[in-house]
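Right, one structure below, let's go through it.
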Amino acid sequence: MKLIGSHTSPFVRKVRIVLAEKKIDYELVIDSPWLEDSKVPDINPLGKIPVLVLDDNTPLFDSRVIVEYIDNVTPNNKLFPAPNRERTEVKRWEALADGLLDAAVTALLEGKRPKKEQSASWIARQHDKVTRSLAFMATELGEKTFCMGTHFSMADIAVGTALGYLCFRFPDIAWQESHPNLAKLYDKLLQRPPFADTIPHD
């Protein structure tokens, strides 16, 4: 398998963490749709990363599709429970974390536009989504060891990836001070090699 993506994309990081947790070998191909000579649009018509290219050259895209596929490839270290209420809750955590990331990435890209073309209200709207998502995560986590209670799951990977992206791109958002339980979870996740080995960098 080949994973196409960058070291900065949080969605690529999420997939890399899952691959490492499942102990699946793959080739990481560095590419970004923002590069002029990018091959990403030739593989994914949406022009987005990550893309997982299977051994039969089938491309899988959207990180949520990819991680669910990977979790079903091998029975070890299951990250999603069997279809039931708990599985729905895990996927809700993932949707929340991915939504936070969508808002953060949107704010980042808007902030890179020429100053007179930027929309301050649009950036503020995205930051508000991030703030509300963090508060919801913190409330839902409470005093639990992991998002789903006592066991590590895809929910923790999704949340940890989102928190790591905020550390990387938005260090001014002091979520660790506002939500110490999220900070405690993130510190615990960083002790796992799949998280420590995939810290984003330019």
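All of the numbers you see were taken from the coordinates with simple rules; none came from a lab. None of the values given here were measured: they were computed from a predicted structure. A quick note on method: Cβ atoms are made from the backbone with ideal geometry, for glycine too, and the neighbour counts reach across all protein chains shown.
Looking at the chain, the DSSP beta bridges with both ends there are about 65 percent antiparallel.
Using a/c under 1.5 as the rounded threshold, could you call the stretch 120-202 rounded, prolate or oblate? The axes a ≥ b ≥ c are square roots of the C-alpha gyration tensor eigenvalues, and prolate needs a/b larger than b/c, oblate otherwise. Taking the square roots of the gyration eigenvalues as a ≥ b ≥ c, the stretch 120-202 is oblate.
Around Lys91, with a cut-off of 9 angstrom between Cβ atoms, what is the net charge of the other residues, counting Lys and Arg +1 and Asp and Glu -1? Charge balance in the 9 Å sphere: 0. Averaging 1/r over every pair of different alpha carbons in the stretch 2-73 and inverting the result gives a Kirkwood radius of 12.0 Å. Take the Cβ atoms of Asp55 and Ile30, set R0 to 22 Å, and the FRET efficiency comes out at 0.65. Can you compute the label reach from Phe146? Point 7 Å from Cα along the Cβ direction, backbone N cut-off under 20 Å, restricted to the stretch 1-24. Residues 13-24 fall inside that zone. A run of the chain free of exposed loop cleavage sites, with GluC sites (Glu not before Pro) counted only in DSSP states other than H, G, I, E and B and at most 13 other beta carbons within 10 Å, reaches its longest extent at 37-142.
Using Stokes-Einstein with the Kirkwood hydrodynamic radius over Cα pairs, what translational diffusion coefficient do you get for the chain at 20 °C and a viscosity of 1.002 mPa s, in µm²/s rounded to a whole number? Using the Kirkwood radius from Cα pairs, D works out to 122 µm²/s. The chymotrypsin sites (Phe, Trp or Tyr not before Pro) of the stretch 138-202 include none that DSSP puts in a loop with a beta carbon having at most 12 other beta carbons within 10 Å.
Once fully extended, how much extra length lies between Ser119 and Arg64, figured as 0.36 nm per residue of separation less the alpha-carbon to alpha-carbon distance?
16.8 nm
Averaging the Cα positions of each part gives two centres, and for the stretch 162-179 and the stretch 3-18 these lie 19 Å apart. Here the Gaussian network model covers the chain, with springs between Cα atoms less than 10 Å apart; of Phe170, Phe80, Phe61, Phe170 fluctuates the most. With the convex hull constructed from alpha-carbon coordinates only, the stretch 40-88 shows a mean projected area of 4.2 nm² over all directions.
Take the chain, mark every one of the trypsin sites (Lys or Arg not before Pro) that falls in a DSSP loop and has at most 12 other Cβ within 10 Å, then report the longest stretch left between them, sites excluded. Here the longest run is 24-143. Between Asn181 and Ala95, full extension at 0.36 nm per residue minus the direct alpha carbon distance yields a gain of 29.0 nm.
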